[in-house]
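The next block holds one structure in the form of structure tokens; read it before the comments.
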Amino acid sequence: MREYLATRRRAGQQILFVPTMGALHLGHFSLVERAKEDGGEVLLSIFVNPTQFNNPEDLEKYPRTVGEDLAAAKEAGVDSVFLPSVEEMYPCGDKATVSLKAGEMAELWCGASRPGHFDGVLTVVSALFHIVGPDKAYFGEKDWQQLQLIKRLVLEQHFPIEIISCPTMREADGLAMSSRNVRLSADERLKALCLSRALEFMVKGLGDKAVMPELVEKARAMIETEGFEVDYLAVINDELCPAGSAAEAVRVLGAMNVGAVRLIDNISCGSADSVANVFPFKL
Ligand code: AMP
């Protein structure tokens, strides 16, 4: 992999990196499209990272569709795919000496219900960055907290990499695309829309006189009526902390459990129509 990338670099190509856990969907390919716009060697990695799963069942049930992924990646114009094994990524296995510890920002929201999750994410992303040495790396806003933490990783660990954030791609009805969506039953899939609706409701309700707790409670009811369990709903500022006022609100975030399937989403407070991002191509 390193030798191959070195030849591409010598040929004057920038290395443009799209890390994923596979089960590729149009959300992933929107990152690829964005990378292709920049022009260079587009490298996509597929690695289901065990250290970021705090729930063994979630890891076991995580969809794995490598054959289809490789065909779709080729079709989408990805130049190369990196498919490391767990042994390659973690040469010392459970006896690893070094792992990254994410700070307080990682204890909020998704980190609160998935302890250690972001430590695993930062550890593997850092290792992938060392292996690949990309010029640019592409991450989705769908995982807003992860995106902010990766920006911090690059800043604090001095990676000479530009992080490009890409908007969330959605199904035609507004559900954020996710590899986990295939685990929903037809009925759950229809009802799962309540998450993006609840977030949209929160953004629309954010005015000068918005009473945050009331807004959150009403949004929570929209999800609970569908029979799903709210993990969190939040209006946050640019530090990922709860926004004290509508003026400092940057993003609304939410996570819910649909049976054993955990879904997350977020939208910008800046534009009420931000749930309208439907990827224009078909796989
Ligand atoms: P994952 O395979 O879920 O780890 O995601 C790999 C990358 O794709 C991450 O940067 C995600 O934020 C991004 N991604 C996942 N879903 C979407 C989506 N619906 N829209 C845009 N980016 C996404």
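Just so it is clear, none of the values below were taken in a lab; they were calculated from the coordinates. These numbers were taken from a predicted model, which means no experiment stands behind them. Counting neighbours? That spans all protein chains shown, and the Cβs are built from the backbone with ideal geometry, glycine included.
Odds and ends about this structure:
- Set Lys95/Lys136; Lys36/Lys74; Lys142/Lys204 screened for pairs whose C-alpha atoms are more than 21 Å apart: Lys95/Lys136
- The convex hull built on the alpha-carbon positions of the chain has an orientation-averaged projected area of 14.9 nm².
- Linear extension gain, Glu104 paired with Ala71, 0.36 nm per residue minus alpha-carbon span: 7.9 nm
- Each Cα pair under 8 Å and six or more residues apart adds its separation to the average, and for the chain the resulting relative contact order is 18 percent.
- Shown for Ser126, Ser178, Ser99: other C-beta atoms within 10 Å of each C-beta, ranked fewest to most, produce the order Ser99, Ser126, Ser178.
- Residue separation of Leu59 and Glu214 scaled by 0.36 nm, minus their Cα-Cα distance, works out to 52.3 nm of gained length.
- Modelled label positions at Ile163 and Phe201, each set 7 Å beyond Cα in the direction of Cβ, lie 3.2 nm from each other.
- Förster radius 41 Å - calculated FRET efficiency between Val182 and Glu88 (Cβ-Cβ, nearest 0.05): 0.95
- Going from the fewest other Cβ atoms within 10 Å to the most, the residues Cys92, Cys166 appear in the order Cys92, Cys166.
- Acute angle (nearest 10 degrees) that the helix 66-75 long axis makes with the longest principal axis of the chain, alpha-carbon atoms: 80 degrees
- Between Asp238 and Asn257, the modelled label-to-label distance comes to 3.5 nm, taking each label 7 Å out from Cα in the direction of the beta carbon.
- Tilt relative to the chain, helix 117-132 - C-alpha long axis, 0 to 90 degrees, to 10: 30 degrees
- Spin-label model, Thr97 to Arg10: label points 7 Å out along the Cα-to-beta-carbon direction sit 3.3 nm apart.
- Between 0 and 90°, nearest 10: helix 144-156 axis offset from the chain longest Cα axis: 50 degrees
- Taking amide H positions as modeled 1.01 Å from N, with prolines and chain starts lacking one, the residues under 5 Å from Asp231 and 5 or more places away or on another chain are Ala255, Met256, Asn257.
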